[in-house]
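Got a structure here, written out as structure tokens. Questions coming.
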Protein chains: 2
Amino acid sequence: MAAPNDGVVEEPRRSVDEHARRIEALLADIALRSETVPLERARGRVTAAPVLSPVDLPLFRNSQMDGFALSSSDLVSVPVTLTIGETIAAAPTSPSPLARGTASRIMTGAVVPEGADCVVPVEHTRVEGDRLTVLVARSAGDYVREPGSDVRTGARILSEGTVLAPRHLAALAASGLTEVSVLSRIRVAVISSGAELVAPGQTPAPGQVFDANTIALASASREAGAEIALIARTSDDHAAFRAALDEAVRTADLVITSGGVSKGDFEVVRDVLEPLGADVAEVAMQPGGPQATTTVEGVPVVSFPGNPVSAQVSFAVFLRPVLRRLSGLPAIVNEVRTLTDEAVSVPNRRQWLRAERLPGGRVRVVSGPSSHLVATMAAADALLDVPENVTRLHVGDAIEVVPL
Amino acid sequence: MAAPNDGVVEEPRRSVDEHARRIEALLADIALRSETVPLERARGRVTAAPVLSPVDLPLFRNSQMDGFALSSSDLVSVPVTLTIGETIAAAPTSPSPLARGTASRIMTGAVVPEGADCVVPVEHTRVEGDRLTVLVARSAGDYVREPGSDVRTGARILSEGTVLAPRHLAALAASGLTEVSVLSRIRVAVISSGAELVAPGQTPAPGQVFDANTIALASASREAGAEIALIARTSDDHAAFRAALDEAVRTADLVITSGGVSKGDFEVVRDVLEPLGADVAEVAMQPGGPQATTTVEGVPVVSFPGNPVSAQVSFAVFLRPVLRRLSGLPAIVNEVRTLTDEAVSVPNRRQWLRAERLPGGRVRVVSGPSSHLVATMAAADALLDVPENVTRLHVGDAIEVVPL
């Protein structure tokens, strides 16, 4: 390893923010769809529209307590003794109207009969045979749940854009709903390119490495709310990459490629995409300099470099914010933390150092800067965002951190 | 609605903390298992053991840059001109040893040939035909990634208890692994009891309500890391409940029931479980007073009241912390926030008011206290934890909040 700048003149690089804007604009054309899913599969999905209650909740006037339903007009003075009539369970039932001077034994949630306007909890009464003595005065409405007191027919239960948690599903089920309209997941195709790649589990030939980018980009896309429409691993063969690309744009809303976008002799992604109008740029960042975007058959194609750390950092910086926003998921909020160690960074490039967040608002660097340190990156849970013009970080520096 | 205490002597209630301890002890007997899952399905799962790398990473000495591999001993003075030999791609290849005075054109990630000990980036050279002029001096090791410099064979890539994120899956794949040993999900059975319950989507008879507890408790269990082994909805019929219970304890590690645990006339859960040794308690909380725990055929059975808000609050207070811990998921950390409004609470009971967290560390109450307000609860994202001895909350009070 060596300092990557020795007075050799470098070509101008695009800023991270500028490339991020281009990717955001590219993805703005993705048509968002909605679909209806059963509540059992809706947790974590995002409502595509407000949900209105089809019913009053409660559905009917019911008791808040186990006790006795009666008319408050019978409680003008207490103690008072009434006759116990029917028992009303929380069950399918249509209780008879209550006669004056009588009380119905009633269970929590059971229908309050016509003629009754309050419930006296069982612990505020004394019972002897069919005689009920009420010890505590009650007013109309006491311990009675009125229909619509939770939500009225046509009122909104959920807003558009709600990330569905158990409490939301409970509210929908309580209203009698069995399904909900949610944003469809954005369909992502992941194409990892490179003759050096071999699938994990296979035996690498000399010069080959296990492909980590496919699982990294596919699982990161899922975590950002997308679904995987296609996964492909291709060599440096142009026809093979082109075939994978053609299938990808037929099935996906967004194609993510890794590898083959730099300036070497075997850059399959660049070779195939440049004739299709790719915007290839050297972005002022490390890891992750070589980047490209293309629109192929109307489908955005975002190309990341092939080093596994570069690909993951590129995803976190460029795609995760946009995918989460389009998917209706909350943004990952950057944090400002205090650095616990010294670190150096390259000039003229925004560096994303792999770091671990510590208690007390602190953060420490857990990896060297090199983009091949994929196992080491597993120990990180954040990226230090080191500005382009900063080459040296000190203990105690306040620094922006991107949670992973 | 009325104040639930009018000078009538109440029986002693068990504290929330005491009941929580009993549930924690009950669940401590659940035998945790592990299973092997493919990386594609491992995101969000929790490693059951440390994972050691089966290989050195990088697998072989390779180039960090597109450039020229050569011997630093040829760079004693620069500029120096060498002969360009073979081209080494990042591909399956076994390059020939490098002869002194020559350089191999090399791509990022390609095998550095024997005889070479550094790489000169292409931008620090000048090429004319097969003649390479190196402009910048380099030392042995520059731009060369050594085998094992990321991780060595047998070194730990992941700790036990890692919640698998994309970066972890990338590290496993980079090491050639295709699967990982994770904690098996705790198998939960959910039994919702009550003659008044009808499945959402059906037409309720008079006196019936839509069952919200099944989806609430099943989805909350999944969110806490469990999987659903069985779902049942039973009437107040003892045989039906007993049959569901028997099937549940055959298939699940934990049974959660809702309803039928209070003191009414039709308390199926209580009636069936008390003869099996249930610990039935009135817990000093609102919502959620009537609670029970039982061990049936060695399987813990946790019984919550049937009001849908009571059931959800009971889950958040009693089961979520234990299930998450057993599942290896991070604890939900309570927050202290500033109340934006007045609120009242009942004496002698710990009340969990449904609330919404606001920016600036504030929190507001979004629902009345009644346990039937299931639609209203959807607007909450936290529970205010109002201590037993507090009956009145004021604007600006600092109060503990349980995030939902």
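Between chain B and chain A, with a rotation axis joining them, whose C-beta in B is nearest that axis, and what is the whole-Å distance?
B:GLY44, 5
From the Cα gyration tensor of region A:335-403, with a ≥ b ≥ c the square roots of its eigenvalues, which class applies: rounded if a/c is under 1.5, or else prolate if a/b is larger than b/c, or else oblate? Walk me through the numbers before you get to the answer.
Details: a/c = 1.70, a/b = 1.03, b/c = 1.66.
Because a/c hits 1.5 or more and a/b fails to exceed b/c, region A:335-403 counts as oblate.
Tell me the angle of helix B:238-251 to the major Cα principal axis of chain B, expressed in degrees between 0 and 90 and rounded to the nearest ten.
That works out to roughly 20 degrees.
Sequence-distant or interchain residues sharing an amide H contact under 5 Å with B:ASP381, placed H: which?
Counting only residues 5 or more places away or on other chains, the set is B:ALA355, B:GLU356, B:ARG357.
Once you order the gyration tensor axes a ≥ b ≥ c over the Cα atoms, which shape class does region B:96-210 get: rounded for a/c under 1.5, otherwise prolate or oblate by comparing a/b with b/c?
On the way: a/c = 6.13, a/b = 3.46, b/c = 1.77.
Verdict is prolate for region B:96-210.
Pairing the Cα long axis of helix A:16-27 with the longest principal axis of chain A, what angle in degrees results, from 0 to 90 and rounded to the nearest 10?
Tilt of helix A:16-27: around 60 degrees.
Okay, moving on. List the distances, in nm and shortest first, from the label point of B:THR338 to the matching label points in every other copy, placing each point 7 Å from Cα along the Cα-to-Cβ direction.
2.3
Next question. Counting Lys +1, Arg +1, Asp -1, Glu -1, what net charge surrounds A:PRO50 among other residues with beta carbon under 11 Å of its beta carbon?
Values: positive: A:ARG156; negative: A:GLU160.
Computed value for this residue: 0.
Please list, ordered by chain and number, the residues whose modelled amide H lies under 5 Å from the amide H of B:GLU179; skip anything fewer than 5 residues away on the same chain.
For B:GLU179, the qualifying residues are B:LEU39.
On to the next question. Using amide H atoms built in the peptide plane, which far-off residues or other-chain residues are under 5 Å from B:ILE186 H to H?
B:GLU227
Another question, if that's okay. Shortest first, in nm, what separates the label point of B:ALA31 from those of the same position in the other copies (7 Å along Cα→Cβ)?
5.4
Moving on to the next point. Could you please report the charge total around A:SER175, scoring K, R as +1 and D, E as -1 over all other residues with beta-carbon less than 10 angstrom from its beta-carbon?
Details: positive: none; negative: A:ASP56, A:ASP150.
Value of the local net charge: -2.
Calculate the mean, over all residues of peptide A:171-184, of how many other protein chain Cβ atoms lie within 10 angstrom of the residue's Cβ. Working shown, then result.
Working: counts 11, 7, 13, 16, 6, 11, 3, 6, 2, 0, 0, 0, 0, 0.
Taking all residues of A:171-184 together, the mean is 5.
Same structure again: With the label 7 angstrom out along Cα to Cβ, how close does A:GLY161 come to the same site in each of the other copies, in nm, nearest first?
3.8
Roughly how many debye, to the nearest 20, is the charge dipole of region B:335-403 about its Cα centre, given +1 on each Lys and Arg Cβ, -1 on each Asp and Glu Cβ, and no other charges?
Details: 8 positive and 9 negative charges, 17 e Å.
Charge dipole, region B:335-403, about its Cα centre: 80 debye, nearest 20.
Right, another one. Which listed residue (B:ALA174, B:SER96, B:PHE318) has the Cα farthest towards the positive end of the charge dipole for chain B, taking +1 on Lys and Arg C-beta and -1 on Asp and Glu C-beta about the Cα centre?
B:SER96
Per residue of region A:43-60, what does 6.51 cos²θ - 1.76 cosθ + 1.60 with θ = phi - 60° give for ³J(HN,Hα)? Whole Hz please, x for Gly and Pro, Karplus curve as stated.
4, x, 6, 10, 4, 8, 7, x, 10, 9, 6, x, 9, 6, 10, x, 5, 8
Nearest 5 is fine: what % of DSSP beta bridges in the protein assembly as shown come out antiparallel, could you say?
Details: 110 of 164 bridges.
Approximately 65 percent, going by the DSSP bridge assignments.
To continue, here is another question. Only loop residues by DSSP count here, and only those with at most 16 other Cβ atoms within 10 Å; note down the GluC sites (Glu not before Pro) in region B:314-376 that meet that. Kindly include the intermediate steps, with their values, before the conclusion.
Details: sites: B:GLU335, B:GLU342, B:GLU356; in loops: B:GLU342.
Of the GluC sites (Glu not before Pro), the ones in loops of region B:314-376 whose Cβ has at most 16 other Cβ atoms within 10 Å are B:GLU342.
Additional query: Restricting attention to region B:219-278, which trypsin sites (Lys or Arg not before Pro) occupy a DSSP loop and are surrounded by at most 10 other Cβ atoms within 10 Å?
none
GNM on chain B, C-alpha springs below 10 Å: top fluctuator among B:ALA195, B:ALA90, B:ALA42?
Among B:ALA195, B:ALA90, B:ALA42, the largest mean-square fluctuation in the Gaussian network model of chain B belongs to B:ALA90.
Turning to a different aspect of this structure: Do the sum for the protein assembly as shown: with -39,500 (n - 2.57) for every DSSP H run of n ≥ 4, divided by all residues, what is the mean residue ellipticity at 222 nm, to the nearest 500 deg cm²/dmol? Before the final figure, lay out each step's value.
Details: 16 runs with 142 residues, N = 808.
The helix-only estimate for the protein assembly as shown comes to -5000 deg cm²/dmol at 222 nm.
So for chain A: antiparallel DSSP bridges make up what percent, rounded to the nearest 5?
On the way: 55 of 82 bridges.
Just about 65 percent of them are antiparallel.
With θ set to phi - 60° and the Karplus curve 6.51 cos²θ - 1.76 cosθ + 1.60, what are the ³J(HN,Hα) couplings of region B:303-316 in order, to the nearest whole Hz, using x for Gly and Pro?
Each residue's phi maps through the Karplus curve to give 10, 10, x, x, 4, x, 6, 4, 5, 5, 5, 4, 4, 4 Hz.
Still on this structure: Based on the alpha-carbon gyration tensor of region B:250-320 and its eigenvalue square roots a ≥ b ≥ c, which shape applies: rounded if a/c is under 1.5, prolate if not and a/b is larger than b/c, or oblate? Spell out each step's value before the answer.
Details: a/c = 1.85, a/b = 1.21, b/c = 1.53.
Cα axes put region B:250-320 in the oblate bin.
All of the numbers you see were taken from the coordinates with simple rules; none came from a lab. For clarity, every value in this text was computed on a predicted model and none was experimentally measured. Note: ideal-geometry Cβ built from the backbone for every residue, glycine included; neighbour counts use all protein chains shown.
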